[in-house]
Structures are given as structure tokens and as C-alpha cells.
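Below: the structure, in C-alpha cells.
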Amino acid sequence: MSIAATVTLDNRFARDLAEMAVPWQAEEVAEPRLLALDATLAAELGFDPDWLRGPDGVRLLVGAALPDGATPVAQAYAGHQFGGFSPRLGDGRALLLGEIGTGGQVRDLHLKGSGRTPFARGGDGLAAVGPMLREYVVSRAMHALGIPTTRALAVVATGRPVRRETLLPGAVLARVASSHLRVGSFQYANVTGDVDLLRRLADHAIARHHPTAAGADRPYLALFEAVVDAQASLVAQWMLAGFVHGVMNTDNMTISGETIDYGPCAFMDAYDPATVYSSIDHGGRYAYGNQPVVAEWNLARLAEALLPLIDGEQERAIELATDALHGFRRRYDDVWSAGMRTKLGLPAGLDDEVVAALVKDLLTLLESGRVDHTSAYRALAAAARGDAEPVHRLLPGPLAGAWTQRWLALAPDADAMDRVNPVYIPRNHLVEEALAAATDGDLAPFTRLVDVVSDPYTERPGLERYAAPAPADFGAYQTFCGT
Ligand code: AMP
Ligand code: MG
């Protein structure tokens with residue numbers, strides 16, 4: 001079967017926004033070897049998974065053989081990194097191969113680790129097997145948890161070593177996203193001073209992600225409101241799941257509301273708002289508990305970039321954008337509060353203040369006891385079924401006992417809890433174990449971990465070690481960017 005017969009790669013971004021798209025080719029890969037493929041996603045995109053596994057498919061997955069008419073590009077964007085603005089970042093080691101699909105289901109096919117581009121600055125343009133498999137397994141888990149995310153289609157080993165602290169095997173990740181437009185894309189267009197470019201970018205984003213904004217009185221304000229909404233909902237879902245993104249720079253925040261850029265991210269073990277995993281986040285700017293505030297800060301940067309489109313008069317534009325940004329807190333609180341109610345299996349109709357106090361007291365208990373965030377809610381569900389042992393083990397002491405009685409008196413629904421509280425997440429110690437084995441050539445632990453986290457809510461016999469918190473000797477966990 002030829003490539004052209006299976007899937008077409010459109011180049012709509014490259015056509016609409018040529019100023020932000022540098023046509024470029026992936027670096028040649030001498031010995032590509034497929035390490036992981038999401039066959040379900042492949043089929044969703046219209047690929048025959050068996051064809052993708054074959055030599056021509058693998059060549060497509062590293063950008064070496066593309067359908068006729070494809071125009072791979074490196075995308076330009078700017079970004080605030082840890083608060084400091086860079087007007088020119090862009091895809092230093094990534095390429096947009098093109099868009100797949102039509103109508104409401106257009107998706108980017110994108111490569112990471114495909115070689116240096118004009119945006120590479122000092123970087124080598126490459127990626128190592130470990131971090132690319134890390135993105136694969138964590139984004140798979142996020143998708144299975146129902147959290148909006150870019151998705152990993154495949155990881156292909158290049159056979160070429162990559163120099164980091166040591167020499168590591170290299171890899172290319174093929175990723176699918178509803179787009180790669182970021183807050184930083186708008187910042188880039190804004191600093192060019194070319195309002196026509198900014199408008200074309202906004203129109204492109206509206207058509208692709210928030211089409212109802214096109215019919216609003218103020219379409220660009222409506223676009224901003226839609227992004228505020230999508231990001232508030234996304235970050236609330238991260239908080240409910242205990243996900244720490246780790247590098248919430250404005251170039252790593254999408255317009256679609258999907259999680260992007262799985263660099264130093266990790267799921268929190270013990271509940272603690274101060275949790276930081278990233279080796280470079282010394283000030284804790286992107287700590288677990290700061291994520292809502294940082295998201296709002298990033299959205300203020302998006303608002304600034306959109307001001308010239310929102311109203312001709314700057315004062316008026318600022319007023320409108322500020323009002324819209326206030327929607328963040330409301331939306332975040334709504335999604336988070338509703339999510340906590342479900343996590344605790346609470347019936348409808350309870351007083352908001354009763355629930356808020358109950359939740360606050362639980363989080364205080366979890367924090368002071370350094371309780372494993374993920375296991376806690378499954379243990380509570382067991383208590384709701386009459387088995388108090390797991391809760392006593394995780395949450396010992398009279399305060400916890402009193403809290404549990406207060407909560408049980410509200411008649412929580414244990415089955416409803418189990419539908420939203422995962423048993424299996426990609427726990428840090430398991431991810432590290434799987435990646436170390438894969439780097440040494442043994443893919444079995446990785447493949448098994450992917451299988452386990454792909455079905456996070458159904459407890460299965462034999463998988464106890466995947467549900468257990470990290471052993472005490474695992475120690476303080478650190479993650480790294482741009483590897
Ligand atoms: P990130 O921290 O992954 O969001 O990346 C920030 C910026 O650094 C982006 O412009 C990336 O394209 C670029 N970058 C990260 N790693 C590399 C690399 N190995 N080679 C070239 N550019 C890179
Ligand atoms: Mg990035």
C-alpha cells in the first residue's frame with residue numbers, strides 16, 4: 001500500500017502562516033527501529049498499523065518518506081521561560097509534518113528529535129530514547145485518565161548516539177495534537193508588529209479550535225475566553241490527578257487546552273502543594289500548588305498579545321481582556337470543586353460550604369501525613385464499602401478517624417469514586433525502572449507499564465506493585481528538561 005493511498009498530510013499552517021513556518025527536512029536516520037506504536041491512534045488517523053510497523057511506515061515516522069505534497073516545517077514561536085521573555089524560540093528539534101483529517105477533527109502530525117532546525121540555537125536537535133519513551137507513557141496515561149493531551153503515536157530509535165551527560169541511544173517521537181499553537185505563537189506574532197499576521201493566526205486558531213468564536217460580537221475576545229476556559233479546565237484536571245507539568249512556560253501552553261511538552265513532568269507521590277521535580281526549578285515557580293496561578297499568569301501574557309485585535313482603543317481592550325481573565329478563577333473553581341466532589345463520591349445537593357470544609361480538612365490531613373495522593377482516594381472508597389483497613393494504614397490517628405466518620409455520614413458512593421480515582425498512574429519509580437531497562441535494550445518493563453496505565457481505573461490481580469507508592473529508598477525524585 002502506498003502512503004498516498006492511506007493518509008494525506010495537509011499544509012494548512014504553512015500556507016496560512018508562512019511567516020511562522022520554516023520549510024525544513026528531518027535529519028536522515030540510518031538505522032530506524034520502531035520501539036513503540038499506538039496502534040489504536042494509528043487506526044484513528046487512518047493508518048494501517050501493520051503498514052506503519054513496516055519499513056515504509058517507519059520511514060514516515062522519522063520524516064524520511066512523506067506523502068506527496070507534504071511540507072514539513074519548523075514552527076516559530078516566542079515564550080516566557082521562567083518569567084523571562086524570549087522573542088524567538090521555535091521548534092529547535094521538532095517539525096510539523098502536516099495536518100491529518102478535515103472539519104472538526106484536524107490533527108497535527110509532528111516529530112520531536114528530528115535534527116537541528118534554524119531555531120536550534122546551541123542545541124543538537126536530537127532526543128534520547130529515555131525521554132521520548134517517557135513522553136509516550138505519560139501522555140498515554142493522561143489520555144487514559146481522560147485529561148486532554150497531545151498523544152504519542154510512535155517512538156523510533158535512530159541507532160545514533162546522543163551526547164548528554166553520557167552517550168545515550170537516540171530516538172524520534174511522532175506526536176499527534178489537535179494543533180501545536182501555543183500562547184508563545186501569539187507572542188511571536190505580536191512582537192513582529194504585523195497585525196495582519198496576528199489576525200491570520202487568530203483566525204486560524206478560531207477555525208481550528210474554537211469555531212463558535214467566529215460568530216461572536218468580538219471574535220478575538222471570544223477566542224481569548226475560550227482559551228481561558230479550556231486551560232482552566234485542563235489545569236483543574238491536572239490538580240485532581242496530582243500531575244505536575246514542571247515547565248509551564250508560555251511556549252508550553254496550548255491554545256487547544258491540551259497538555260503539551262512532557263519534559264520534566266511527573267505525578268505527585270505524597271500530597272504536598274510544594275512538590276517540585278524539575279532539576280532547574282529552584283524557586284518552585286512550577287510547583288504542583290502553583291499551577292493554577294501560573295496558568296492565569298500565562299493567560300495574561302496571551303491577553304497582552306491579543307490586545308491589538310480585541311479593540312482599537314488600548315484602554316478598552318485591556319478592560320475587556322481583564323474581565324475575561326477573571327473567568328479563569330470561576331471556571332477553575334467550578335471544575336476543581338466538582339471534581340473533588342466526584343473523587344469523594346459525594347451525593348448531589350450538599351451545601352457548598354460543607355463540601356469545601358470537608359475537602360480542605362482532608363487535604364490538610366494528606367499533607368501533614370505525607371499521604372500518597374493516588375492511593376488515598378481508592379483507600380477511602382474501600383472504607384465506603386466497609387473495609388477501613390487501607391485508610392487506617394494510610395491515614396492513621398484520631399483526626400483522620402474523625403474526618404472519615406464525618407465523610408462516611410454523607411453516604412459516599414464508592415463505585416462512583418472508583419470511576420474517577422485511578423489505581424494505576426505512571427509512578428516515578430516505575431517510569432525510571434522502565435526507561436532504564438529500555439535504554440539498556442529491554443523493552444518489556446516499558447511495554448508492560450504502558451499496558452497497565454492504559455486502563456487506570458480497573459483494579460487487576462497481579463498488578464499490586466503498579467498500585468503501590470514508591471519504596472522508601474526511592475528518595476527525592478528529579479526530572480530534566482530538553483533531554
Ligand atoms: P522545551 O524546554 O522542551 O519546551 O524547549 C524550549 C526550547 O528549546 C524550544 O525552542 C525547543 O525547540 C528548544 N530545544 C530543546 N531541546 C533542544 C535540542 N536538543 N536541540 C535544539 N533545540 C532544543
Ligand atoms: Mg516546549
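The values are calculated or read from the model by the stated rules, or taken from the named source; none is laboratory data. Every value quoted in this text rests on a predicted model; they were computed, and no experiment measured them. Every residue, glycine as well, gets a Cβ built from its backbone with ideal geometry; the counts of neighbours run over all protein chains shown.
Residue 313 satisfies every condition listed in (1) touching a helix residue (DSSP H, G or I) at 6+ places or on another chain (Cβ under 9 Å); (2) loosely packed, with under 14 Cβ neighbours inside 10 Å except (1).
On the basis of being in contact (Cβ under 8 Å) with a residue 60 or more places away in the chain and either away from ligand 1 (no atom under 15 Å from the Cβ) or in contact with a helix residue (DSSP H, G or I) (Cβ under 8 Å, 6 or more places away or on another chain) (or both), does residue 95 make the cut?
no
Counting the residues of region 432-483 that are polar (S, T, N, Q) and more than 16 Å from ligand 1 (Cβ to nearest atom) gives 4.
Here residue 230 does not fit the description of being at pLDDT 95 or above and surrounded by 24 or more Cβ atoms within 10 Å (Cβ to Cβ). The single condition among (1) without any contact (Cβ under 8 Å) to a residue 60 or more places away in the chain; (2) farther than 30 Å from residue 356 by Cβ that residue 300 does not meet is (2). Against the list (1) within 16 Å of ligand 1 (Cβ to nearest atom); (2) free of Cβ contacts under 8 Å to residues at least 60 places away in the same chain; (3) surrounded by 23 or more Cβ atoms within 10 Å (Cβ to Cβ), the condition residue 266 fails is (2). Only residues that are assigned to a loop (DSSP other than H, G, I, E, B) and under 21 Å from residue 472 (Cβ atoms) were counted in region 380-405, giving 3. For the residues 181, 201, 223, the requirement of being touching a strand residue (DSSP E or B) at 6+ places or on another chain (Cβ under 7 Å), in contact (Cβ under 8 Å) with a residue 40 or more places away in the chain and either closer than 24 Å to residue 93 by Cα or surrounded by 24 or more Cβ atoms within 10 Å (Cβ to Cβ) (or both) singles out 181. When 121, 93, 107, 134 are checked against the criterion of being surrounded by fewer than 24 Cβ atoms within 10 Å (Cβ to Cβ), within 16 Å of ligand 2 (Cβ to nearest atom) and within 30 Å of residue 427 (Cβ to Cβ), a single residue qualifies: 93.
For residue 214, indicate whether it is touching a helix residue (DSSP H, G or I) at 6+ places or on another chain (Cβ under 9 Å), assigned to a helix (DSSP H, G or I) and away from ligand 2 (no atom under 16 Å from the Cβ). Against the criterion (touching a helix residue (DSSP H, G or I) at 6+ places or on another chain (Cβ under 9 Å), assigned to a helix (DSSP H, G or I) and away from ligand 2 (no atom under 16 Å from the Cβ)), residue 214 qualifies.
Okay, residues lined up against (1) within 11 Å of ligand 1 (Cβ to nearest atom); (2) under 19 Å from residue 52 (Cα atoms):
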{"site": "73", "(1), (2)": "no, no"}
{"site": "77", "(1), (2)": "yes, no"}
{"site": "83", "(1), (2)": "no, no"}
{"site": "90", "(1), (2)": "yes, no"}
{"site": "101", "(1), (2)": "no, yes"}
{"site": "109", "(1), (2)": "no, yes"}
{"site": "126", "(1), (2)": "yes, no"}
{"site": "138", "(1), (2)": "no, no"}
{"site": "145", "(1), (2)": "no, no"}
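Of the residues that sit in region 175-197 and are farther than 30 Å from residue 60 by Cβ and hydrophobic (A, V, I, L, M, F, W, C), which one is nearest to ligand 1 (Cβ to nearest atom)? Break it down stepwise before answering.
Taking region 175-197 first, the residues farther than 30 Å from residue 60 by Cβ are 183, 186-187, 189-197.
Then drop every residue that is not hydrophobic (A, V, I, L, M, F, W, C), which leaves 183, 186, 189, 191, 195, 197.
Details: 183: 12, 186: 16, 189: 16, 191: 15, 195: 25, 197: 19 Å.
So the residue we want is 183.
Scan region 329-379 for residues that are within 22 Å of residue 141 (Cβ to Cβ), touching a residue at least 40 places away in the same chain (Cβ under 8 Å) and part of a helix (DSSP H, G or I) and the total you get is 13.
Considering region 465-483, the residues that are surrounded by 16 or more Cβ atoms within 10 Å (Cβ to Cβ) and not in a loop (DSSP other than H, G, I, E, B) include one that is nearest to the chain's Cα centre (by Cα), namely 479. Taken together, the residues in region 83-103 that are of a type in the set (A, V, I, L, M, F, W, C) and assigned to a loop (DSSP other than H, G, I, E, B) amount to 1.
Restricting attention to region 104-154, the residues that are acidic (Asp, Glu) and either in a helix (DSSP H, G or I) or on the phi > 0 side of the Ramachandran plot (or both) total 1.
Filtered by the rule that a residue be over 10 Å from residue 420 (Cα atoms) and either surrounded by fewer than 19 Cβ atoms within 10 Å (Cβ to Cβ) or among the aromatic types (Phe, Trp, Tyr) (or both), region 342-351 gives 347, 348, 349, 350, 351. Of the residues in region 232-254, at least one is assigned to a strand (DSSP E or B), within 13 Å of ligand 1 (Cβ to nearest atom) and either in contact (Cβ under 8 Å) with a residue 24 or more places away in the chain or at positive phi (or both).
If I filter region 269-299 down to residues being more than 16 Å from ligand 2 (Cβ to nearest atom) and of a type in the set (Phe, Trp, Tyr), which single residue comes out as surrounded by the fewest Cβ atoms within 10 Å (Cβ to Cβ)? Once the filter is applied, the top-ranked residue is 297. Hey, among the residues in region 217-247 that are among the small types (Gly, Ala, Ser) and within 14 Å of the chain's Cα centre (by Cα), which one's nearest to ligand 2 (Cβ to nearest atom)? Per the stated criteria, the residue is 246. Looking across region 252-274, the residues that are touching a Ser or Thr at 6+ places or on another chain (Cβ under 7 Å), closer than 24 Å to residue 467 by Cβ and among the aliphatic types (A, V, I, L, M) come down to 266, 268.
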